[in-house]
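Taking it in order: structure first as structure tokens, then the write-up.
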Amino acid sequence: MSETKTNTRVSEIFDLFYKHLNNFLKEANPNHEEYTEFVKWADRLGRTGELPLFMDVFIESSVLKNMYADKPGTEPSLLGPYYVEGAPILEKPYKLPMRENEKGEKLKFSGTVKDVNGEPLANTLVDMWQDDADGYYSSFDSDAPPYNLRGRFYTDENGYFEVDTIVPIPYQIPTAGPTGEFLKMIDQHPYRPAHLHIMFKHKGYETLITQVFFEGDEWLESDVADGVRPSLMTKLYDGGDYKKASLDFVMRNEE
Ligand code: DHB
Ligand code: FE
């Protein structure tokens, strides 16, 4: 049987939370009916499995912004609720696993991974995942096979990688449940701009979890989950019967 011990960090964070919560409640002054409605809604949030979604939409971004303010390197962005561990390790030429007739525009995405001094980071593990042309992530509300549009591969000796995939589309977070109910009440649309999820691992460096966004997307300014950062923008170019885009990434040394 595991024994739960005192945790001073939890205690410290809870004290702060409780202090601010009480000030907040004084100011917002909810009545008892509002309080019980909130508890019912929060209970639905948990029961429908939307708690990670809600947390990642409204809280994860602020945690990351505070952690990485004034630090060098590529800005981290949301892991989000749709990461799946253990995606297939790909062979060159890299192509994310996809269905035979995967819908969507073909995309050749490339980039380099360097350290904060500009030295290339060879053999960095790149883990990528994204939505399909219907706006679904495999393994979540999707009929696609497991690990569809999810894959892992390595940078070459110059820290360079190139991978074939499809252009992601703007993502609409689920609207049918308690998260959507809440968004309607605060008059916020449910869209995220189109993005690639990408994670880099290299021994001796901080794991970089981030996203890539595309210039011109209509939701960049009002991303429901506030994931867009200036250093994460790229541009789609025409490559003939496919699009291409690239971005360079900088990993921080482990502290
Ligand atoms: C969230 C993040 C994502 O990257 C995404 O595609 C969908 C939802 C989120 O923060 O909940
Ligand atoms: Fe996403």
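The values are calculated or read from the model by the stated rules, or taken from the named source; none is laboratory data. Because the structure is a prediction, the values reported are computed rather than measured. FYI the Cβ positions are ideal-geometry reconstructions off the backbone, even for glycines, and counts take in every protein chain you see.
Of the residues GLY239, GLY227, GLY204, GLY177, the single one that is more than 14 Å from the chain's Cα centre (by Cα), touching a residue at least 24 places away in the same chain (Cβ under 8 Å) and surrounded by 17 or more Cβ atoms within 10 Å (Cβ to Cβ) is GLY177.
Filter the stretch 188-197 for residues that are within 11 Å of ligand 1 (Cβ to nearest atom) and either surrounded by fewer than 20 Cβ atoms within 10 Å (Cβ to Cβ) or under 11 Å from PRO76 (Cα atoms) (or both) and give the result. Matches in the stretch 188-197: PRO190, TYR191, HIS197. Close Cβ contacts (under 6 Å, 6 or more residues apart or on different chains) running from residues in the stretch 57-82 that are more than 19 Å from GLN188 (Cα to Cα) and acidic (Asp, Glu) to residues that are assigned to a helix (DSSP H, G or I) and more than 8 Å from ligand 1 (Cβ to nearest atom) comprise GLU75/SER231. When you look at ASP115, is it in the same structural domain as VAL167 (by TED's automatic domain parsing) and either in contact with a helix residue (DSSP H, G or I) (Cβ under 9 Å, 6 or more places away or on another chain) or not aliphatic (A, V, I, L, M) (or both), yes or no? Yes. Scanning the stretch 28-50 for residues that are of a type in the set (Lys, Arg) and closer than 15 Å to PRO174 by Cβ, we see that the one that is surrounded by the fewest Cβ atoms within 10 Å (Cβ to Cβ) is ARG47. Search the stretch 48-75 for residues being within 14 Å of ligand 1 (Cβ to nearest atom) and either more than 27 Å from GLY177 (Cβ to Cβ) or among the aliphatic types (A, V, I, L, M) (or both), and hand back the single one that is farthest from the chain's Cα centre (by Cα). Only one residue fits best here, namely LEU51.
Of the numbered criteria (1) within 16 Å of ligand 1 (Cβ to nearest atom); (2) farther than 23 Å from TYR242 by Cβ, the one MET185 fails is (1). Among the residues of this structure, VAL10 counts as one that is farther than 30 Å from SER139 by Cα and either assigned to a helix (DSSP H, G or I) or not assigned by TED's automatic domain parsing to the domain that holds GLY180 (or both).
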